[in-house]
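Colleague: Here it is, the structure in full.
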Amino acid sequence: GYHFSDTAGDFSYSDDNGTPFNPNDDRTVKRQNNASTRHGLLAKWEHRFEKLSLEFQDDFFREERGIPGLGTRQSTNANLETTRNGAHLKIARPFSHLQLSATPFFQFLNQQFRDPNGEVSLGFQNNDNDTLQYGTNLSANTLIGRHQRLAFLVTYRGEQFLPKDYTKTPSSGPKSLRDATSLSLEDEINLWDDRLVLNPQVRTEQVFNRFPGTNVSYFPVSGKIGARARLLPFLTVQSNFSRSYRIPNFNELFGNRGTIIGNPNLSPERGINWDIGPTFQWKPVRFEVAYFLNHVSDLIQFLQTSQFNIEAQNLASARIQGIEASLATAPLDWLE
């Protein structure tokens, strides 16, 4: 598969000149240096032997774009080039009541940011940063009797951030390393002819960071329990409750897109999440609605910190709630 997109990005917008309470200097301007071109290439290959299946996938992405700056301070020459390629190989082996699989993976990311006139950053910048991700997933699924399925997943992930700054000598900066292992166990229990389905899950993680000037380790434990009940032939209610934990990614820690920069001092997010909602099914119509409520500590957000920059920061706490609804129908066999 191949994907291509291109845009000039030169839309009109209202510029308040950085003074939102003074309308006298407002004006309508065009977005400049906002063009971008993207290419995407996806290749996938599968083969099934008598007792073994292989699946290989490679996903390539390339983007060239201008960095226009913030709304009140536009640039003319700052640009960013992004090249990303990710590949994985899944090897699966089924047994009578057991499914085993191993999925090694590798991803390469290169981002080249240039601001020759210092328009969106403090001074001339010419950065070339590489990020490597690699590891493997080992999973096992087994049936226990006729009403229970147990899933077991072990993951190792390694990451490296390799920066280069061509405005300095030497250009290569100190590398940042992360090793993470995780272990998760999930159970699916079907009761009363699938009228009630319970889905508990627990996950433990060990994260070892080796960043310039600091070594930080995390050992979070998270979990989830979900339930789905078919109360009537046309009515199903489902709910989930979870304790989440998210380590900041390398883009949030070290990313540099001129106006948008990372923060190596970020703390992990922690959250308590709950959702509940019914599903109504009258063939050929299906209607779903769900209410969700998330309480998050140290939420990671990109906040404007100056006239030039937006930086990743931790918010002390946040409450996020809302309602999602969807309506679907399949009036014909070939139309949904």
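The values are calculated or read from the model by the stated rules, or taken from the named source; none is laboratory data. All of these numbers come straight from a predicted model, not from anything done at the bench. Cβ atoms come from the backbone with ideal geometry, glycine included; neighbour counts cover every protein chain shown. Heavy atoms of the whole protein, side chains included, go into the accessibility calculation; ligands, DNA and RNA do not. Shrake-Rupley method; radii C 1.70, N 1.55, O 1.52, S 1.80 Å.
Colleague: Could you calculate the FRET efficiency of Asn117 with Asn22 from 1/(1 + (r/R0)^6), where r is the beta carbon distance between them and R0 is 30 Å, rounded to 0.05?
Modeller: On the way: r = 28 Å, r/R0 = 0.93.
E between Asn117 and Asn22, to the nearest 0.05, is 0.60.
Colleague: Report the Cα centroid-to-centroid distance between the stretch 152-173 and the stretch 26-82 in angstrom, as an integer.
Modeller: Going from one Cα centre to the other spans 20 Å.
Colleague: Could you check the spin-label model distance between Phe241 and Leu315? Points 7 Å from the Cα along Cα→Cβ, value in nm.
Modeller: Roughly 2.5 nm, to one decimal.
Colleague: Let me ask another. So, R0 is 35 Å and r is the distance between the beta-carbons of Leu41 and Asp10; what FRET efficiency does that work out to, to 0.05?
Modeller: Efficiency, from the Cβ-Cβ distance: 0.80.
Colleague: Could you pull out every one of the aspartates and glutamates with an alpha carbon less than 18 Å from that of Lys164, ignoring same-chain neighbours closer than 8 positions?
Modeller: Glu81, Asp115, Asp128, Asp130, Glu252
Colleague: Could you give the dipole magnitude of the chain about its Cα centre, charging the beta-carbon of Lys and Arg +1 and that of Asp and Glu -1, in debye to the nearest 20? List each step's numbers first, then the result.
Modeller: On the way: 34 positive and 36 negative charges, 164 e Å.
With Lys and Arg at +1 and Asp and Glu at -1, about 780 debye.
Colleague: Tell me, in nm to one decimal, what length is gained between Ile144 and Leu231 on full extension, where the rule is 0.36 nm per residue of separation less the Cα-Cα distance? Walk me through the numbers before you get to the answer.
Modeller: Details: separation 87, 0.36 × 87 = 31.32 nm, distance 2.54 nm.
Roughly 28.8 nm would be gained on extension.
Colleague: While we're on this one: Counting only protein heavy atoms and using a 1.4 Å probe, what share of the accessible area of the chain belongs to carbon plus sulfur, as a whole percent? Write out the running numbers ahead of the final one.
Modeller: Values: 11200 of 20140 Å².
Using a 1.4 Å probe with all protein chains present, the chain comes out at 56 percent carbon and sulfur.
Colleague: Another question, then. Based on the Cβ-Cβ distance of Leu98 and Thr169, what FRET efficiency does E = 1/(1 + (r/R0)^6) give at R0 = 56 Å, to the nearest 0.05?
Modeller: On the way: r = 57 Å, r/R0 = 1.02.
Plugging the Cβ-Cβ distance into 1/(1 + (r/R0)^6) gives 0.45.
Colleague: Next question, about the same structure. Of Ile144, Ile225, Ile247, which has the largest mean-square fluctuation in a 10 Å C-alpha GNM of the chain?
Modeller: Top of the fluctuation ranking is Ile144.
Colleague: Another question, then. Does the stretch 215-336 come out rounded, prolate or oblate by the C-alpha gyration tensor, with a ≥ b ≥ c the root eigenvalues, rounded set by a/c under 1.5 and, if not, prolate when a/b is larger than b/c and oblate if not?
Modeller: Values: a/c = 3.11, a/b = 1.99, b/c = 1.56.
It is prolate, given that a/c is not under 1.5 and a/b is the larger ratio.
Colleague: Let me ask something else. Report, ordered by chain and residue number, the lysines lying within cross-link reach of Lys44, taken as a straight Cα distance under 17 Å and ignoring same-chain residues fewer than 8 apart.
Modeller: Output for Lys44: Lys90.
Colleague: If you count only protein heavy atoms with a 1.4 Å probe, what accessible area per residue comes out for the chain, rounded to a whole Å²? Intermediate results must be reported in sequence, preceding the final value.
Modeller: On the way: 20140 Å² over 336 residues.
I get 60 Å² per residue for the chain.
Colleague: Then there is this: Running Debye on the chain with equal point scatterers at the Cα sites and no solvent, what base-10 log of I(q)/I(0) appears at q = 0.08, 0.10, 0.13 Å⁻¹?
Modeller: Log10 I(q)/I(0), no solvent term: -0.57, -0.89, -1.34.
Colleague: Another question, if that's okay. List the trypsin sites (Lys or Arg not before Pro) within the stretch 193-255 that fall in a DSSP loop (any state other than H, G, I, E or B) and whose Cβ has at most 10 other Cβ atoms within 10 Å.
Modeller: Working: sites: Arg195, Arg203, Arg210, Lys224, Arg228, Arg230, Arg243, Arg246; in loops: Arg195.
Answer in residue order: no site qualifies.
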